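All remarks here apply to the structure that follows.
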Amino acid sequence: PTVLKNKELTAFICDYVRLIIIGNARSHEIEALMDEELNTIMHDKMKPYHSIQIMSDSFPAIGIVAAVLGVIKAMAHINDSPEVLGHLIGSALVGTFLGILLSYCVCSPLVSQIKVVRNKQHRLYVIVKQTLLAYMNGSVPQVALEYGRKTISAYERPSIDAVEQEMMNPGGENKAA
């Protein structure tokens, strides 16, 4: 179900199964083509990450610029009362605080989460790649699935029994006896 909901992954699988069925390509050629496509997919998927990371890196500098401008404005009122001067200096410091807040409390957690999600999505493609290559190199489907299963993180990897059970009873459907 997870694979079928992901249109891009489904298209990836269909494209390479089609190449395997045609039968003219060798496994190392298909692997090189898959690697190139995976690099392109990852590059495209990481564009928002890089853009927001640049913003995150620049917010503290923008905050410093705001503080300097605020101090310059405060210096124009140097002869005013301490209350007015204090208010202007406080306003200048808000710029620094805002830059740091936006960088470290908003953008940095966001880019970290984007990277985690994109890497997890990329892992699905690697699992498919390993499975298809194993099948293409002559492994029976059950063994090819094991190649794919072994590329899953040990913390998330289903047991071989769970994979077999899912293969025998896809989607957990109960069959009438």
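Listed conditions (1) closer than 30 Å to E164 by Cβ; (2) surrounded by fewer than 12 Cβ atoms within 10 Å (Cβ to Cβ); (3) hydroxyl-bearing (S, T, Y) are all met by S81, apart from (1). Any residue that is more than 24 Å from N119 (Cα to Cα) and buried (at least 16 other Cβ atoms within 10 Å of the Cβ) - is there at least one of those in the range 39-59? Yes. Could you tell me how many of the residues in the range 4-21 are modelled with pLDDT under 90 and either of a type in the set (S, T, Y) or touching a His at 6+ places or on another chain (Cβ under 6 Å) (or both)? Count: 0. Looking at this structure, is I72 exposed (fewer than 15 other Cβ atoms within 10 Å of the Cβ) and closer than 30 Å to E8 by Cα? Spelling it out, it is not the case that I72 is exposed (fewer than 15 other Cβ atoms within 10 Å of the Cβ) and closer than 30 Å to E8 by Cα. Y155 fulfils the conditions (1) under 22 Å from F12 (Cα atoms); (2) surrounded by fewer than 12 Cβ atoms within 10 Å (Cβ to Cβ); (3) among the aromatic types (F, W, Y) except for a single criterion, (1).
I'm trying to understand the selection: among the residues of the range 136-167, which are part of a helix (DSSP H, G or I), farther than 27 Å from D44 by Cβ and either in contact (Cβ under 8 Å) with a residue 60 or more places away in the chain or among the polar types (S, T, N, Q) (or both)? Listed by number, the residues that qualify are Q142, Q165.
The values are calculated or read from the model by the stated rules, or taken from the named source; none is laboratory data. The shown structure was predicted, so the numbers you read here are calculated from the model rather than taken from an experiment. Don't worry about glycine lacking a Cβ; one is built from the backbone with ideal geometry, like all the others, and counts go over all protein chains shown.
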